[in-house]
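Accompanying notes for the structure given below.
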Amino acid sequence: DMKEAQNVIQETRAAYIEPVRMVIPKIGTDVKVVNPENPDNTTLDAALLLGAVRYPGSGDLESARTMFLFGHSSYLPVVHNQAFKTFNGLQKLKAGDEIVVYGNEKEYRYRVEKVELVNADEGFVNLAADDRKLVLATCNSFGKKQERYIVTADFVGSDRIENSE
């Protein structure tokens with residue numbers, strides 16, 4: 001019924017935690033994560049200039065749904081904005097590699113399950129999946145049709161961030 005649905009929405013909102021940073025030790029990635037509210041291409045392309053982007057409406061750090069982050073990768077010799085290299089090296093990840101995503105109070109650990117090269121037309125991310133995964137995708141621009149690397153990782157656990165005081 002309607003009341004039950006509203007309770008579920010409230011519970012979901014209460015525990016909502018946005019990712020703010022992501023570290024992938026294996027490939028030296030340490031990037032800011034941006035959380036735009038609108039999924040239109042203009043908003044997403046602007047957000048991509050700042051770092052990795054969580055796709056609006058995909059899961060957050062505490063939800064049981066798939067969290068989808070995407071970012072630029074560029075192998076040009078001179079890159080003025082480092083955000084264009086946010087996801088450089090994703091294709092080097094292997095099953096078992098660790099990805100750590102930070103909220104403001106906790107770190108959330110994920111383990112790479114698979115890395116694949118897909119064509120952008122293939123509708124590559126199931127945002128409805130109810131299985132606490134992290135999906136990373138790299139692209140040149142959000143709307144462009146071309147191949148992109150997709151990394152799927154499973155949630156392993158979370159810990160409070162120790163204050164280094």
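Positive contributions from Lys and Arg (+1) and negative ones from Asp and Glu (-1), summed over other residues with Cβ under 9 Å from the Cβ of ARG160, come out at -3.
Sequentially through region 94-106, phi angles give Karplus couplings (6.51, -1.76, 1.60; θ = phi - 60°) of 10, 3, x, 5, 9, 10, 10, 10, 9, x, 6, 10, 10 Hz, Gly and Pro residues having no value and appearing as x. Each other residue within a Cβ distance under 9 Å of ASP60 adds +1 if Lys or Arg and -1 if Asp or Glu, for a net charge of 0.
Just so you know, all these numbers are worked out from the coordinates, no wet-lab data involved. Owing to the predicted nature of the structure, the values given are computational and were not obtained by experimental measurement. Cβ coordinates were reconstructed from backbone atoms using ideal geometry, including for glycine residues, and neighbour counts include every protein chain displayed.
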